[in-house]
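Asker: Have a look at this one.
Each value in this text was obtained by applying a stated rule to the coordinates, not by laboratory testing. Computed from a prediction, not measured in an experiment: that's the story for all the values here. Positions of Cβ are backbone-derived with ideal geometry, glycine not excepted, and every protein chain shown enters the neighbour counts.
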Amino acid sequence: MPTGHKSKVGSAAHKNEINSGLMSRRTILGIALACLAALTLAIAPWTVNTGRLTAAVARQLRSVYGLDLAVKGRTTIALLPVPRMKFENVALAVPGSPPLVDAEQLRSEFRIWPLLIGRIELAEVALSGAQLRVEEGKDLWSPLWDRQRDRLAGRSANRNVRRLIVTNSTVNFAGDVDGAARVDILSLVVNWPAVEGKLDATAALRWRGESVQVTVADLHPAVLAKGGKDRLAVEASTGTSRVALELDASVANGGKASGRASFTTASLRDLLHWGSVQVPFGGLVQGASLAGDFTAENGAVSFPAVQLGLGSDKLDGALSARFEGGRLSLTGTLAAERLNLADTPFPFGPLQASAGAWSYDPLNLRETGGADLDLRISAAAARLGALRLDDLAANLLVRRGRVELSLGRATLNRGTVKGRLALAAGQPAHDVKLQGSFDRVDVGALLTDLGQQRWISGTAQGQVAIEAIGESSAELFRRANGRAVVAVRQGELWGVGFADALRRSERRPLAAPIEWRGGRTPFEQAQMVLNVHGGIGDVVDAQLTGAAARAVFQGLVSLPDRSVALKATVEGSAAASASPSASLVFDIYGPWSDIAIVPDARTLIQRSGAARQLLGAEPRGEEASRGLPGAPAQ
């Protein structure tokens with residue numbers, strides 16, 4: 001073959017190779033561009049006008065969950081990284097009812113394998129900007145639960161949504177005009193991978209300005225739907241409070257649960273105020289805790305063995321709560337080694353004003369409006385204000401507008417006390433009744449505990465019965481009526497010696513006011529009967545008897561002013577060194593916290609022969625009685 005021909009053939013072959021290489025590169029590049037375009041198309045969301053996919057999603061929601069889907073906005077679809085659709089401006093409703101949920105956006109992801117064979121199945125649903133409505137008297141959620149229960153129990157629980165996500169949404173309650181019952185769902189994630197498996201949920205909520213975290217773990221809806229018992233855990237917490245439940249629950253026959261509960265709060269008062277829950281005297285409690293096993297059934301919760309913490313005090317016993325007619329009823333029996341109520345304020349408002357007088361602020365009995373309470377309390381030692389009580393047994397009963405506190409027994413300063421205080425709310429005046437008795441109480445130690453001047457000692461016994469109607473503590477004491485009987489045995493009056501004063505008044509009557517102070521008057525018994533009318537106690541049958549002297553008292557005790565105005569006529573006994581016929585009159589007056597005992601000047605002048613002529617005729621009859629009771633004339 002000629003050389004030129006071979007050269008032409010080689011050149012053509014070379015060109016063919018070059019053209020073939022160029023075609024291969026172009027093909028690869030074209031395929032790559034096509035794949036890139038397809039990938040871009042798959043990833044990018046596309047707005048679609050067809051209703052076939054929307055109808056397929058709506059059919060699944062209705063067949064599985066009994067909800068109708070209405071889409072008012074646009075619909076977009078994307079295939080990668082997972083097949084998904086997004087619906088804007090949607091509504092979910094029970095067929096034939098107003099929408100339960102209005103959402104700005106509903107995003108759904110599809111299961112891949114069913115999609116390959118042409119079937120639409122939702123794997124995940126996410127709601128954003130949703131408004132959930134709850135209307136009082138319209139239970140639209142129960143049909144949904146009944147449908148799920150029948151579906152799960154009938155083993156037709158296919159096409160289940162594995163995950164539900166709700167963000168930036170709100171639950172609104174009908175009739176809530178000020179938004180107090182509104183719950184903001186910051187985020188809610190519910191994972192339910194398999195129908196027969198467990199469901200876990202976590203939620204971040206906001207209610208009344210407070211963030212709340214809620215967790216539900218190990219819930220098996222299929223078990224509950226079939227009437228079985230499921231063991232799960234629930235926990236809810238705020239910034240200062242936490243409650244955790246580990247329980248076995250069943251929804252059969254109205255529902256029942258049992259397990260263990262624990263609760264702690266830094267301030268029960270703030271927690272109750274935040275939740276608008278009224279528990280009698282709960283506003284007086286700061287830190288509190290509760291732990292124990294419980295059972296819940298038919299609207300009642302009982303703790304047969306519970307440990308309750310109130311501040312630093314620990315109580316053990318039993319508690320139960322029940323809703324009756326929409327009102328909470330609490331009952332319990334609690335015991336404590338130590339109970340400290342020293343710093344607890346009076347629950348119905350201040351008894352005294354800043355100046356020390358009785359307060360005119362209206363008493364507040366709203367503590368009785370939210371719930372009923374029947375609580376029996378016992379304590380080995382208790383501190384109530386300035387008083388220390390031992391072996392305490394009391395009962396607190398609260399009904400709507402009524403409070404009764406019964407003291408079955410208590411040891412006070414080596415004596416025993418019993419009593420009952422009843423308050424009935426009125427408009428505006430309240431009815432108050434007090435009954436009590438005491439025996440062998442060390443009255444001197446009692447005055448010291450109360451921070452009062454110790455002017456008498458001995459063991460006291462007596463009974464008190466007082467009734468009053470008023471709006472404030474000042475009005476109650478001004479309108480008080482009743483009777484008090486007090487007797488003190490084997491004691492002493494401090495600051496005055498009646499027998500010494502009698503002897504000095506015989507020798508030097510006019511010098512007695514200077515020399516009488518600083519002594520003591522021992523006595524075998526001192527007793528007083530006080531009849532109270534309109535806040536003023538009339539002292540009747542009041543006397544003191546001792547080995548050296550005997551005294552008879554007359555006068556008044558003012559409850560509103562917390563003062564006394566008495567006269568004591570003191571006579572010597574036959575066994576005393578003073579003449580049995582000698583007598584002396586003392587004025588006893590002043591506030592309860594600082595009682596003054598002063599010899600009557602007129603009586604001393606009468607005993608002085610030289611000074612007697614300076615006085616006129618001794619007053620008789622009504623004139624004599626006008627000077628009783630009261631402070632001595634100046």
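Asker: Hey, how much of the P(r) for the stretch 269-337 falls beyond 14 Å, as a percent of Cα pairs?
Answerer: Considering the stretch 269-337, 65 percent of its Cα-Cα pairs are separated by more than 14 Å.
Asker: On to the next question. Any chance you could list P(r) for the stretch 421-500, counting all Cα-Cα pairs in 5 angstrom bins from zero, rounded to whole %?
Answerer: Once binned at 5 Å, the Cα pair distances of the stretch 421-500 give 3, 13, 17, 16, 15, 15, 11, 6, 3, 1, 0, 0.
Asker: What Kirkwood radius, in Å to one decimal, follows from the Cα pairs of the stretch 519-579?
Answerer: Result for the stretch 519-579, one decimal place: 12.6 Å.
Asker: Which of 589, 360 has the fewest other C-beta atoms within 10 Å, and how do the rest follow up to the most?
Answerer: Ascending number of Cβ neighbours within 10 Å: 360, 589.
Asker: For 211, 289, what's the fewest-to-most ordering of other Cβ within 10 Å of each Cβ?
Answerer: Ascending Cβ contact count within 10 Å gives the list 211, 289.
Asker: Counting Lys and Arg as +1 and Asp and Glu as -1, what is the net charge of the other residues whose Cβ lies under 11 Å from the Cβ of residue 76?
Answerer: +3
Asker: Name the residues whose placed amide hydrogens come within less than 5 Å of the amide hydrogen of residue 573, ignoring near sequence neighbours (fewer than 5 apart) on the same chain.
Answerer: Amide H to amide H, under 5 Å and 5 or more residues apart or across chains, residue 573 pairs with 549, 550.
Asker: Using only Cα atoms, locate the centre of the stretch 315-353 and the centre of the stretch 398-461, then give the distance between them in Å, rounded to an integer.
Answerer: Distance between centres, Cα-based: 18 Å.
Asker: Across the stretch 321-335, in residue order, what do the Karplus-derived ³J(HN,Hα) couplings come to in whole Hz, using 6.51 cos²θ - 1.76 cosθ + 1.60 with θ = phi - 60° and x for Gly and Pro?
Answerer: 9, 8, 9, 10, x, x, 10, 7, 10, 10, 9, x, 10, 10, 9
Asker: Contour minus end-to-end for residue 305 and residue 420, with contour as 0.36 nm per residue of separation and end-to-end as the Cα-Cα distance?
Answerer: Working it through step by step, the gained length comes to 38.5 nm.
Asker: What order, most packed first, do the peptides 458-464, 246-252 have when packing is the mean number of other Cβ atoms within 10 Å of each residue?
Answerer: Most protected by this proxy first, the peptides run 458-464, 246-252.
Asker: Which whole-number value in Å³ per residue fits the convex hull of the alpha carbons of the stretch 225-266?
Answerer: 67
Asker: Sticking to Cα atoms, compute the Rg of the stretch 175-293 to one decimal and its Dmax as the biggest Cα-Cα distance, whole number, in Å.
Answerer: Spelled out, the Cα radius of gyration and Dmax of the stretch 175-293 are 16.5, 48 Å.
Asker: Which residues does the label zone of residue 312 cover in the stretch 331-363, counting backbone N under 15 Å from a point 7 Å along Cα→Cβ?
Answerer: Output list for this probe position: 337-344.
Asker: Now a separate question. Once you have the Cα-Cα distance between residue 520 and residue 172, take 0.36 nm times their residue separation minus that, and quote the gain in nm to one decimal.
Answerer: So the extension gain works out to 117.7 nm.
Asker: Among the aspartates and glutamates, which fall within straight-line cross-link reach of residue 256, defined as a Cα-Cα distance under 18 Å, with same-chain neighbours fewer than 8 residues apart omitted?
Answerer: 146, 218, 230, 246, 248, 293, 297, 324
Asker: Could you work out how far apart the two model spin labels at residue 395 and residue 324 are, taking each label as a point 7 Å from the Cα in the direction of the beta carbon, and quote it in nm?
Answerer: 1.5
Asker: Can you tally the net charge around residue 559? Count Lys and Arg as +1, Asp and Glu as -1, for every other residue whose Cβ sits under 10 Å from the Cβ of residue 559.
Answerer: Summing Lys and Arg as +1 and Asp and Glu as -1 gives +2.
Asker: OK, next. Dividing the convex hull volume of the Cα atoms of the stretch 271-401 by its residue count, what figure in Å³ per residue is obtained?
Answerer: Spread over its residues, the Cα hull of the stretch 271-401 gives 125 Å³ apiece.
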